[in-house]
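This report refers to the structure that appears directly beneath it.
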């Protein structure tokens, strides 16, 4: 019975082709599949198998012309080869990974290097010969960039709880110190105070913001005693409810106060940067209208003069 149906189907295809009315290949293949085409029997003649080969080629060409779903990637179609959808592998190249790869390619410690670079390009933070203090300097990105910008006549000091092992230029040095107990009595007047310090996050945005605001207050108070007239301050802050109050204090202290968010900042990060340019006076008292939470205290330890010999 199968041989009879197959012969009739082959004859129908040949007749339709001769008359100019081609049958749909998928319909013919469905009919052949129902009767077990192609046959495994050795009695099948070459004349019976030839239509199946031609229909298979037609079906492959038809599937080759089918378009993939919108939004997917596919390779170029070749004759007789079905389209295959390409999926992104585990090493995807998203916008947040761009600056991390760029840091590795350019040989800088971390992506934070490009944050300070963008701030400097937009606001002109550095000049040759300046003295710079970098708080929370690990892994050395900001210290490296500042040292390159101030040149051989400038000086950069970085302090952090973690030792910086990245090789830095000769015009800068780093020390393992606590910013809460940093000695400023014999420190020369600085031109720039940088802070990329961030608190240990707890997973609660409000708590993280309060701790970050406390660090910014620490930097502002330290800048009050170390920055000279016209100095510049840059500090990281987790955005939150106290941001407006912090900016009010910055406008009291500096001629220009701005909030910046560099492109190298990760998209899901709440961090922003508070920038003050042009310090108004040598010492500025913090009004009693605003008090940020105090940072956690550490046992006081005698610290050497960080600028000794400079």
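Every read-out reported here was derived from the displayed coordinates using simple, explicitly stated rules and does not represent laboratory data. None of these values were measured; they are calculated from a predicted model. Every residue, glycine as well, gets a Cβ built from its backbone with ideal geometry; the counts of neighbours run over all protein chains shown.
The table below lists the values:
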quantity: Kirkwood Rh, Cα atoms: Rg over Rh of segment 173-266; calculated: 0.96
quantity: Net lengthening on full extension, residue 198/residue 239 (0.36 nm per residue, minus Cα-Cα); calculated: 13.6 nm
quantity: Relative contact order %, segment 121-191, counting alpha carbon pairs below 8 Å whose residues are six or more apart; calculated: 32 percent
quantity: Stretch gain in nm, segment residue 181-residue 124, where the contour uses 0.36 nm per residue and the Cα spacing is subtracted; calculated: 17.5 nm
quantity: Sites residue 166 and residue 102 - FRET efficiency at Förster radius 22 Å, r taken between beta-carbons, to 0.05; calculated: 0.85
quantity: Taking 220, 202, 250 and counting other C-beta atoms within 10 Å, the order from fewest to most; calculated: 202, 250, 220
quantity: Normalised contact order of segment 98-279, rounded percent, pairs of Cα under 8 Å and 6 or more residues apart; calculated: 19 percent
quantity: Segment 98-279: Rg to Rh, with Rh as the Kirkwood radius over Cα pairs; calculated: 0.93
